[in-house]
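The values are calculated or read from the model by the stated rules, or taken from the named source; none is laboratory data. Every value quoted in this text rests on a predicted model; they were computed, and no experiment measured them. Cβ sites come from the backbone with ideal geometry, for glycine too, and all protein chains shown count toward neighbours. Surface accessibility is based on the protein's heavy atoms, side chains included, excluding ligands, DNA and RNA. Shrake-Rupley method; radii C 1.70, N 1.55, O 1.52, S 1.80 Å.
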Amino acid sequence: MRRRILFVDDEPQLLGGLRRMLWDKRDVWDMHFAEGGAQALALLETTPVDVVVSDVRMPGMDGPEFLEAVRQRWPGTIRLILSGHSDRDFIFRSVKPAHQFLSKPCSPRELTTAIDRVLRLADIFTDERVRDAVARVETLPVLPSVFAELTEELRSSNASVNTIGDILARDVGMATGLLRLVNSSFFGMPQRVTSTRQAVTLLGLETIRALVLAHGLFSRFDADRYPGFGLGRLWDHSLRVARMAKVLAALEGADKVEKEACFMAGMVHDVGKLMLAELFEAEYRAVLAATQARNVTPLEAEEGILAVSHAAVGAYLLGLWGFEEAVVFGVAGHHRPGTFGDGPPLAIPLVHAANALDHELVVIHGSYAPHPLDTVALDALGYGGRAEAWREACRDVLQGGDGE
């Protein structure tokens, strides 16, 4: 079945230009064009679509208002902003309802690549219930203590870029949300940003203040609802996995781009746990209880109770948010590296190894279910016999070395 794509703009000539620009996709996509938000909402009442691509500035109902209406009424619809305007207020208001931001002028190749990428996600992550829930997500939950520290520093007249960056780096939700934004095309960074300090430097304190204090980029995580969910421990583990994955990439002769992708995938590999806790509260409490009562891994408990894993949920969200495919697949395969066939991104086997080795080397509780290396999959992917060298490199990371 052909995928349905809806393009929304208040200028008929621009819609006509899109029709001409995308003529070659007419046999692949069922394309619809609406002049403004009101006409688009009326069309959606009778014709559900997979992806909406909307302009920002439109009279009556602007792009952020329109996309928020779509999020509320058709949450599973993927929502993209396409605009030539760089007005920061429109960008800030688009952060929550839009999954991705595309800037005009946008070549046919750039536009079709972005749409094809998000459509492929639905082919990989097929659970419609989960897709709808994840697509509704606006923000990631963060530690209340870190959020309070961040807001206090931002309100200070002596706020420091480095201090703000360091605070943001202590929470998985904050780091992921900020890096999603700074790497969007609205800000036009010449290279991928993987450091929160660098992101704060590039965006500036005023932008960070507006996003956090005025536009609610983050929401507080209520740990009391989830006994046994240690968000602080989760983030410590994620940072260790990120460092280990980057070191392993260097050990395997990876270039800078691959090393940064491994680091990023390691940093966000467990973000799906936050999503499952927020989206399916009762079920996730049962997951946490099962890991303690039955001594199973969170992955086993999730698949038994929710029929989906944090790896799949996290990867789907990151894909919607425009994270590069190496990161998305590194997250998706960090428990089962053999899932994606021959020649997968380096992040898949290395984030898997870093995650497994961190669980092996950093023992929080001796009775926790083990997370062993999948040596069969690693052998099949060409990494047979590398486990001991990787283990030594990870030990070096834990002792404060960089392994490179």
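Points to keep in mind about this one:
- The residues of the stretch 254-263 that are out of contact with any Lys or Arg (no Cβ under 7 Å at 6 or more places or on another chain) and open to solvent by less than 10 Å² (accessible area, probe 1.4 Å) amount to a single one, A261.
- Within the stretch 24-129, strands (runs of 3 or more DSSP E) holding 1 or more residues that are open to solvent by 20 Å² or more (accessible area, probe 1.4 Å) and of a type in the set (S, T, N, Q): 100-103
Every residue, every condition in (1) touching a helix residue (DSSP H, G or I) at 6+ places or on another chain (Cβ under 8 Å); (2) more than 17 Å from H334 (Cβ to Cβ); (3) in contact (Cβ under 8 Å) with a residue 24 or more places away in the chain; (4) open to solvent by less than 50 Å² (accessible area, probe 1.4 Å), yes or no:
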{"site": "L217", "(1), (2), (3), (4)": "yes, yes, yes, yes"}
{"site": "D224", "(1), (2), (3), (4)": "no, yes, no, no"}
{"site": "V241", "(1), (2), (3), (4)": "yes, no, yes, yes"}
{"site": "M244", "(1), (2), (3), (4)": "yes, no, yes, yes"}
{"site": "E252", "(1), (2), (3), (4)": "yes, no, yes, no"}
{"site": "D270", "(1), (2), (3), (4)": "yes, no, yes, yes"}
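- Hits in the stretch 141-191 - residues which are among the hydroxyl-bearing types (S, T, Y), surrounded by fewer than 17 Cβ atoms within 10 Å (Cβ to Cβ) and not in a helix (DSSP H, G or I): S156, S157, S160
- For the stretch 333-353, a residue qualifies if it is surrounded by fewer than 24 Cβ atoms within 10 Å (Cβ to Cβ) and in contact with a Ser or Thr (Cβ under 8 Å, 6 or more places away or on another chain), and exactly one does: H335.
- Looking only at the stretch 157-214, and only at residues there that are among the charged types (D, E, K, R) and free of Cβ contacts under 8 Å to residues at least 60 places away in the same chain, the one that is farthest from K104 (Cα to Cα): D166
- When A286, A356 are screened for being surrounded by 23 or more Cβ atoms within 10 Å (Cβ to Cβ) and free of Cβ contacts under 8 Å to residues at least 40 places away in the same chain, only A356 passes.
- Hey, A133 under 18 Å from the mean Cα position of the chain (by Cα), closer than 30 Å to R73 by Cβ and at pLDDT 80 or above or not: yes
- Residue satisfying all of: in the stretch 1-23; assigned to a helix (DSSP H, G or I) and of a type in the set (K, R); farthest from the chain's Cα centre (by Cα) among these: R20
- For the stretch 116-128, the set of residues classified as of a type outside the set (D, E), over 15 Å from A98 (Cα atoms) and modelled with pLDDT of 80 or more consists of R117, L119, R120, L121, listed by residue number.
- Here G330 meets the list (1) in contact (Cβ under 8 Å) with a residue 60 or more places away in the chain; (2) buried (at least 20 other Cβ atoms within 10 Å of the Cβ); (3) over 26 Å from V51 (Cβ atoms) almost entirely, failing just condition (3).
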